[in-house]
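Chemist: This is the structure I have questions about; it appears just below.
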Amino acid sequence: MIGDSLAALYPWTLAFHVMSVLAWMAGLFYLPRLYVYHAEKAAERPEIDPVFQEMERKLLRAIMNPAMIATWAFGLMLVFTPGIVDWSEGWPWVKAAMVLLMTWFHHAASLWRKDFAAGRNRRSGRFYRLANEAPTLLMVVIVIMVIVRPF
């Protein structure tokens with residue numbers, strides 16, 4: 001019965017999953033970029049530190065956290081929809097691992113925000129520039145796994 005309901009809701013679930021992923025990814029791309037500017041500019045101009053902190057906090061709490069939760073919720077609904085995921089293939093396992101890494105990155109970025117808020121940031125703008133590449137690489141692998149399904 002639950003499987004039938006999930007199957008009937010599949011187009012809606014997929015649509016909301018895609019929208020959630022887009023919102024989450026936007027935040028994952030932007031937050032480390034804010035950290036770059038925060039790390040590089042706030043040392044020169046301490047008066048802008050509270051502005052960066054507010055922007056980072058609002059992005060994380062108002063957009064990224066809800067989007068991540070929605071991504072997971074709709075993603076799990078898709079996983080449990082009959083006929084959508086064949087776990088005997090390799091691609092869903094790779095995708096699942098990349099989503100777990102994306103979630104870990106999200107939480108790492110949250111901890112970095114707490115360091116800024118407490119005045120404990122010791123990372124450079126270069127670190128955040130490099131970190132900013134991680135969500136892109138993870139997204140590339142995830143999209144290839146879902147669309148191409150290479151194995």
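The values are calculated or read from the model by the stated rules, or taken from the named source; none is laboratory data. Because the structure is a prediction, the values reported are computed rather than measured. FYI the Cβ positions are ideal-geometry reconstructions off the backbone, even for glycines, and counts take in every protein chain you see. Note: areas computed on protein heavy atoms with side chains; ligands, DNA, RNA excluded. Shrake-Rupley method; radii C 1.70, N 1.55, O 1.52, S 1.80 Å.
Chemist: Does Ala131 fit the bill of being more than 30 Å from Glu40 (Cβ to Cβ) and out of contact with any Asp or Glu (no Cβ under 9 Å at 6 or more places or on another chain)?
Modeler: It is false that Ala131 is more than 30 Å from Glu40 (Cβ to Cβ) and out of contact with any Asp or Glu (no Cβ under 9 Å at 6 or more places or on another chain).
Chemist: For the stretch 1-52, give me each residue that is outside any helix (DSSP H, G or I) and either within 13 Å of the chain's Cα centre (by Cα) or of a type in the set (Gly, Ala, Ser) (or both).
Modeler: At the first step, the residues of the stretch 1-52 found to be outside any helix (DSSP H, G or I) are 1, 42-45.
Result: Ala42, Ala43.
Chemist: Is at least one residue of the stretch 100-114 small (Gly, Ala, Ser), crowded, with 19+ Cβ neighbours inside 10 Å and more than 13 Å from the chain's Cα centre (by Cα)?
Modeler: Within the stretch 100-114, the subset small (Gly, Ala, Ser) is 108-110.
Subsequent filtering for residues that are crowded, with 19+ Cβ neighbours inside 10 Å retains 109.
With more than 13 Å from the chain's Cα centre (by Cα) added as a condition, the list becomes none.
Checked against the condition, which is being small (Gly, Ala, Ser), crowded, with 19+ Cβ neighbours inside 10 Å and more than 13 Å from the chain's Cα centre (by Cα), the stretch 100-114 yields no hits at all.
Chemist: Tally up the residues in the stretch 59-87 that are part of a helix (DSSP H, G or I) and either over 18 Å from Val146 (Cα atoms) or out of contact with any Leu (no Cβ under 7 Å at 6 or more places or on another chain) (or both), please. Don't jump to the end; show me each part of the working.
Modeler: Here is the first cut: in the stretch 59-87, the ones part of a helix (DSSP H, G or I) are 59-79.
With the extra rule that they be either over 18 Å from Val146 (Cα atoms) or out of contact with any Leu (no Cβ under 7 Å at 6 or more places or on another chain) (or both), the set shrinks to 59-76, 79.
Qualifying residue count for the region: 19.
Chemist: Hey, another quick one. In the stretch 1-27, which residues are more than 16 Å from Val143 (Cα to Cα), surrounded by 13 or more Cβ atoms within 10 Å (Cβ to Cβ) and not small (Gly, Ala, Ser)? Walk me through how you get there before you give the answer.
Modeler: Let us first name the residues in the stretch 1-27 that are more than 16 Å from Val143 (Cα to Cα), namely 1-13, 16, 27.
Still in the running and surrounded by 13 or more Cβ atoms within 10 Å (Cβ to Cβ): 6-7, 9-10, 13, 16, 27.
Matches in the stretch 1-27: Leu6, Leu9, Tyr10, Thr13, Phe16.
Chemist: Another question, then. For Lys41, which of the numbered conditions (1) free of Cβ contacts under 8 Å to residues at least 12 places away in the same chain; (2) open to solvent by less than 80 Å² (accessible area, probe 1.4 Å); (3) touching a helix residue (DSSP H, G or I) at 6+ places or on another chain (Cβ under 8 Å) fails to hold?
Modeler: Condition not satisfied by Lys41: (2).
Chemist: When you go through (1) closer than 29 Å to Thr13 by Cα; (2) at pLDDT 95 or above one by one for Gly83, which number turns out not to apply?
Modeler: Unmet for Gly83, out of (1) closer than 29 Å to Thr13 by Cα; (2) at pLDDT 95 or above: (2).
Chemist: Related question: I'm checking my understanding of the structure. Among residues of the stretch 119-151 that are under 17 Å from Met102 (Cα atoms) and of a type in the set (Gly, Ala, Ser), which one is least open to solvent (accessible area, probe 1.4 Å)? It would help to see each step written out before you state the result.
Modeler: So the first thing to find is which residues in the stretch 119-151 are under 17 Å from Met102 (Cα atoms), and the list is 128-146.
Okay, now just the ones that are also of a type in the set (Gly, Ala, Ser), so 131, 134.
Details: Ala131: 14, Ala134: 33 Å².
If we take residues in the stretch 119-151 being under 17 Å from Met102 (Cα atoms) and of a type in the set (Gly, Ala, Ser), then Ala131 is least open to solvent (accessible area, probe 1.4 Å).
Chemist: Going through the stretch 80-99 one residue at a time, which ones are farther than 13 Å from Val141 by Cα, of a type in the set (A, V, I, L, M, F, W, C) and touching a residue at least 12 places away in the same chain (Cβ under 8 Å)?
Modeler: Hits for the stretch 80-99 are Phe80, Ile84.
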